[in-house]
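First the structure, in the form of structure tokens, and then the observations on it.
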Amino acid sequence: MLSTTATFDLVPRSLDDQQQWLAARSGAFAAIVAADVSEAGGEGEVVGFAALSPYRERAAYRTSVEDSVYVRRDRNGEGIGRLLLEALLDVAEQSGFHAVFARIESSGEASRALHARCGFDLVGIEREVGRKFNRWLDVALMECLLHQRPRGT
């Protein structure tokens, strides 16, 4: 992830960092992993993941969450992202959340299109909020109101 703008990470995450991040993803703040078990003989190879995180710390934001969806580059275009995002939105709705936000590096057209297909609307562009590869990056802010999202499309 360090060679792309899919995340704004600038240094590799340690195993301990990843384990802490996963430990914080339980219950309503779920993490979902997609694995290809067709050739691995049981356990499967991870091809993507999705997760929910708190949107903001203040109590008034409690009914909103932020999503993260990542699919391995060599598996893009296979529908994995859509399956992950739809499952994540189901979890968010079942957990009683009202709105899900996505922050996507603005040139990430595939991610923006995926979110739009799943009921997200572009609500703004955060200008020059990140810096990676010696350049400023804009972030597209997209929102899905769960009670308005399309089903089974």
(message) Counting other beta carbons within 10 Å of each residue's own, what order do Phe49, Phe29 fall into, fewest first?
(response) Phe29, Phe49
(message) Give me Val33, Val11, Val100, Val91 sorted ascending by neighbouring Cβ count inside 10 Å, so fewest comes first.
(response) Val11, Val33, Val91, Val100
(request) Positive end of the charge dipole of the chain (Lys, Arg +1 and Asp, Glu -1 on Cβ, about the Cα centre): tell me which of Ala35, Ser107, Ala60 has its Cα farthest that way. (result) Ala60
(message) Compute and list, largest first, the equivalent-ellipsoid semi-axes of the chain from the alpha carbon gyration tensor, each √(5λ) rounded to a whole angstrom.
(response) 22, 21, 17
(message) Based only on other Cβ atoms within 10 Å, what is the fewest-to-most ordering of Val129, Val65?
(response) Val129, Val65
(message) Given points 7 Å out from each Cα along the Cα-Cβ axis, report the Val11 to Arg117 separation in nanometres with one decimal.
(response) 3.7
(request) Would you calculate the separation in nanometres between label points at Ile125 and Arg73, each defined as 7 Å from the Cα along the Cα-to-beta-carbon direction? (result) 2.5
(request) With label points built 7 Å along Cα→Cβ from the Cα atoms of His147 and Glu43, find their separation and express it in nm. (result) 4.5
(request) With +1 on each Lys and Arg Cβ and -1 on each Asp and Glu Cβ, and nothing else charged, work out how big the dipole of segment 18-153 is about its Cα centre, in Debye to the nearest 20. (result) 420
(message) If I take R0 = 22 Å and measure r between the Cβ atoms of Arg62 and Gln18 in this structure, what FRET efficiency does the formula 1/(1 + (r/R0)^6) give, to the nearest 0.05?
(response) 0.25
(message) Which residue fluctuates most in the GNM of the chain (Cα springs below 10 Å): Ser26, Ser68, Ser53?
(response) Ser26
(request) Using amide H atoms built 1.01 Å from N in the peptide plane, name the residues 5+ places from Ala35, or on other chains, whose amide H lies under 5 Å from its own. (result) Val47
(message) I'd like the Karplus ³J(HN,Hα) series for segment 14-28: coefficients 6.51, -1.76, 1.60, θ = phi - 60°, whole numbers in Hz, and an x wherever there's a Gly or Pro.
(response) 6, 4, 4, 4, 5, 5, 5, 4, 5, 4, 7, 9, 9, x, 5
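A short reminder: the numbers here are calculations on the coordinates, not readings from a lab. Just so it is clear, the structure is predicted and the values come from calculations on it, not from any experiment. With ideal geometry, Cβ positions are generated from the backbone for all residues, glycine too; neighbour counts draw on all protein chains shown.
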